[in-house]
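Worksheet: one structure, shown below.
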Amino acid sequence: MSLFSLFLIAVGLSMDAFAVSICKGLAMKKFSLRKACIVGLWFGAFQAIMPALGYLLGSQFEKYITAIDHWIAFVLLGIIGLSMIREALSKDEENTSDSLDPKTMFLLAVATSIDALAVGITLAFLQVSILPAVCFIGCITFLLSCIGVKVGSVFGTRYKSKAEIAGGIILIVMGVKILLEHLGIL
């Protein structure tokens, strides 16, 4: 997998965290770099841990699934991407407080990184070098989450759904790309 492809996956995965970070920034009375870094650390760490766990799970079943791994990657990335788009287009409003207590942040970090677990399984089938990949994903998520807090404090929720839609589209495109490469079309 190329660095550019990994970058696109990292950006796509981080869009949920980015959207929640915007909400966190919106809820804060005043922007604080310290608080932005706390949000970024929580989300970045979980976006790195979850694909690593998925990779370990996927590695256990790799020999059984190698013949259809490209289809699995296509389906998983497509489902995750469509789910992100559906969530972005739903009318449900999320209530987010400015609380950064560990319980709140843990729940938000897990909720925004569940899709990264499935991507980790996909990475195992694609035989990606996992340590650099998860570090890269975690760093991109950290950076975008910090930016999201700032964006939220300045602009509000105006870009939240657009970020989730963009993330969903990126993941779908990556799934299609993986499938087409395996089928020899690209």
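The values are calculated or read from the model by the stated rules, or taken from the named source; none is laboratory data. Since this is a predicted model, take the numbers as computed values, not measurements. Please note: Cβ atoms are built from the backbone with ideal geometry, for glycine as well, and neighbour counts cover all protein chains shown. What goes into the accessible areas is simple: the full protein's heavy atoms, side chains included, and nothing from ligands, DNA or RNA. Shrake-Rupley method; radii C 1.70, N 1.55, O 1.52, S 1.80 Å.
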- prompt: Is there any pair linking a residue in region 128-157 that is open to solvent by less than 40 Å² (accessible area, probe 1.4 Å) to one that is outside any helix (DSSP H, G or I), with Cβ under 6 Å and at least six apart or on different chains, and which?
  reply: Val128/Met1
- line: Sole miss for Val128 among (1) farther than 16 Å from Met174 by Cβ; (2) at pLDDT below 90; (3) among the β-branched types (Val, Ile, Thr) is condition (1)
task: Just name the residue that is surrounded by the most Cβ atoms within 10 Å (Cβ to Cβ) out of those in region 84-98 that are modelled with pLDDT of 65 or more and of a type in the set (Gly, Ala, Ser).
output: Ala88
field: Ser59 vs. criteria open to solvent by less than 20 Å² (accessible area, probe 1.4 Å), closer than 13 Å to Leu123 by Cα and out of contact with any Leu (no Cβ under 9 Å at 6 or more places or on another chain)
entry: no
task: Specify the residue that is most open to solvent (accessible area, probe 1.4 Å); the eligible residues are those in region 24-48 that are touching a Lys or Arg at 6+ places or on another chain (Cβ under 7 Å) and of a type in the set (A, V, I, L, M, F, W, C).
output: Phe31
statement: When region 152-186 is checked residue by residue, the ones that are closer than 11 Å to Val20 by Cα and either at pLDDT 90 or above or under 12 Å from the mean Cα position of the chain (by Cα) (or both) are Ala163, Glu164
